1. At a 10 Å Cβ-Cβ cut-off, how would you order 53, 612, fewest neighbours first?
2. Would you kindly state how much longer the chain becomes between residue 539 and residue 502 on full extension, computed as 0.36 nm times their sequence separation minus their alpha carbon distance, in nm to one decimal?
3. For residue 80, list long-range residues whose amide hydrogen, built 1.01 Å from N in the peptide plane, is under 5 Å from its own amide hydrogen.
4. Do any of 413/769; 61/390; 672/693 go past 21 Å between their Cα atoms, and which?
5. Grab the Cα-Cα distance for residue 701 and residue 403, subtract it from 0.36 nm times how many residues apart they are, and report the gain in nm with one decimal.
6. Determine the sum of side-chain charges near residue 227: Lys and Arg each +1, Asp and Glu each -1, restricted to other residues whose C-beta is under 10 angstrom from that of residue 227.
7. Fewest to most neighbouring Cβ within 10 Å: what's the order for 114, 61?
8. Based on alpha-carbon positions alone, could you give the equivalent ellipsoid semi-axes of the stretch 707-771 from the gyration tensor, as √(5λ), descending, whole Å?
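Bear in mind these aren't lab numbers, they're just calculated from the coordinates by the rules spelled out. Predicted model only: the values in this text are computed from it and were never measured. Counting neighbours? That spans all protein chains shown, and the Cβs are built from the backbone with ideal geometry, glycine included.
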Amino acid sequence: MRRLPLFFLLLSSLLIAGCEGCRSDPTQEEEEKKKAPLAAFTAKPTRVFPDGMVTPDGLVKPGHWLTASQQIRSNKEDSRGELQTQVAISAGTAQAANRIDSPLQNVRPVVLPKGQQRRFDYRVLAPRAKTATQRMLLDSTFVASGRTSTFPTSPQPREFKTLSSEEYFFVILTARPERFAKLQVADWRRPFRSDLDFESKAANYHIVIPRSGELQPLSETMLDWTSTAVLLWDDVSPDALTPGQLRALRDWVHFGGQLIVNGAIASESIANTAAADLLPIRPRGNVELDSDAGAELLSKWAVATDRSTDNQIALLKSQSGRIAVEGLEAEDALPIDGTGGLILARRAGRGRVVQTRFDLMSDWMTNWQSYDSFFNAVILDRPRRQLTSKEMSLVQRYIDLDRTDTHPTMNTKFRLASRDDVLRRQLPELVLDEREAGPRTPSPRAEIAKPAESIDVLTRVDPFAGTSSWSSDSDTISLCEDILKRESGIEIPSSQLVIRSLGFYLLALVPVNYLVFRLLGRLEYAWLATPVIALVGAIWVARAARLDIGFARSQTEIAVLETQPSYPRAHLSRVVAIYNSLSSQYDFGFKTVDAAADALRPSRDSTSSRPMVFRTDFDEGPHLAGVAVDSNDTEMIHVEQILDLGGGIYQRDDQLFNDTDYELLDAMVSAKDDAGQVRVAVLGSVLPNSKAKLRFRSADQVSVPNNLPLQSRRLMSRLLNSAAIPEASARMVARIDASMPTMSVVPQANQATAQTVVLAHLSHPPFRKRQADVNLPSDFRSSLPDYGESSDSN
């Protein structure tokens, strides 16, 4: 028995030695790694924009264009080739049985110097979801030149979750992300949910905070910003964004984006960029914050049941040295009521710019119980809310809207007419023709008493993609498609052309031919000249009829060009119909990065086996390649671009100014007042860089001219219809008798016709006056014993 302790001691020493022996030598591991074969290429996970630190896997919004980024490293030699990306949607898994590939593939060039990690950005269209649980897949492969080798950038397709219909991105540009943690749990970001409410509620915003100190993961074209509703500029430097990103930011604001400029550092930063003209206040320096103005803000925007306001006012007045922005206010900048002049808002086109003289994340603000209510109403311009107790839980209601759910138009102001405008159910007041006019009945809007506030009923909303999604089914695009179905195709030569051509041919063949050689004394040569005359005649007839012998092509285009007041850059939506008598492949090229294109209704039935390819970073702009048109068939392509018109279109007093480089034909201005009364001014032709007098009269006394090319009257009438125009706004509708530049189609069509309908917004309705919330979650602590404040975050 005495030997047992000795035995256990020996056994323990063996175990210790054994464990030590299992430990690996770090030096040996490094040597083994050096001996391991080096992969030819390595890649980091794909990122989608906007991209932040909190959710590195990224999210996408279905039905919207986006920019993605891929980092690749060549480890053995210099290499070049293409990065090919296939987009798909999946019912939650990446398995092939559950995925549906998009017919549109992305390709971009890649140059890889040996040993260097290179980043490559490319653009894709996120497929429209069919259910709320679907996800997007990106499957990228690097194909070396000569196709000697391929390298999948990940073992499995990269999978991304999708945002809900009402959820949009809220981007914060800051070098101090920890200070914005309070916004991640705000009850305006996600509707309030108590601990007893197990039902998952979709978020209103997904907050994205990009990592500072590197190239910001934001797109350089507004066409990829449609899923972003708000951008808050905090303390990043003026050169944080590239010139292309700043241009996209300005475009996005003018078409409805909300820009929040947070305090002194942000104001000074933006003032030194190309976006300086957006600021409500051009900073000239800093002054001490007016504590009385801050006290007024806290008092006026406090929720009635808030007991923390007095403490916050005392905190504000107890400390001096807080800074505020001082500067020159823009003419159209207005202080927000009840803020003591500390917060100003300015309209830029359809968008809204909010600038604060102080830091929104100051302690005298963030510790205030009414802070979320204040941010919801003043900063985000959203309707007030009320919490009610129901079955031991709390329910949030938008009391002015009489609804508990969130509508997408409450979270984003961004709109594109060709995607969002509701046209189908409007009344034919400015009649199209008798087939479309139908009976004249009173407007339903006049019969129903308007509530104090309502959702935007003039905006089309996709049940999964929300507003401003890329769609072939929008009212505007559907109407353009219907027009092209009637108008596109080969133009058959008239009978007069046939008779005239035959007469000239017989005249040249018989009497002229005879007389020429008779005078030359060589009448026998008249027979030899007959084939030459026949060939020349055939060529002349083909040119007169605008047809190639055996190869007939036509290109028919109708487009909508939307402008914002005084802004020189416009959004263009084209629907292009390509007809070909023989099957052929077409390429669409664009001269700027601000372009996107896809088949209007992609089909897999084409005889061509090549998929359509959207090429980015080639030449000046993207290309849509491989558009297959079968024999005697028509293919329609949906194209959108951002164009610089050389100047803006705007109204000043009783005059319309056309500072663009284009002549506006059949121009009409329609203005609707607060009471819903519409007046129309007929301008006719407005020359480039000119102005025209506005003489308004009743809408019943005017109509769109008849017999306009390409049935453009149908589209113009819908846009001028009073039911399409919001109250307290004005717009001009005209046409340009041509296709807009910066797009080329190869091969070129022999017959090309185009009309561009211009929708120029002259004024938008004023922003609503908002109110603080009715109550606070803390008001229900005593009535709900198990109550706890919580908000989910993505």
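1. Values: 53 11, 612 23.
Ordered from fewest to most neighbouring Cβ atoms within 10 Å, 53, 612 come out as 53, 612.
2. Working: separation 37, 0.36 × 37 = 13.32 nm, distance 1.32 nm.
Additional length available on full extension: 12.0 nm.
3. 112, 145
4. Numbers: 413/769 16 Å; 61/390 33 Å; 672/693 18 Å.
Table pairs above 21 Å Cα-Cα are 61/390.
5. Working: separation 298, 0.36 × 298 = 107.28 nm, distance 4.03 nm.
Stretched fully, the residue 701-residue 403 segment lengthens by 103.2 nm.
6. Values: positive: 61; negative: 167, 224.
Here the count lands on -1.
7. Working: 114 11, 61 26.
Least to most surrounded, the residues fall as 114, 61.
8. On the way: eigenvalues 225, 47, 13 Å².
Value: 34, 15, 8 Å, ordered largest first.
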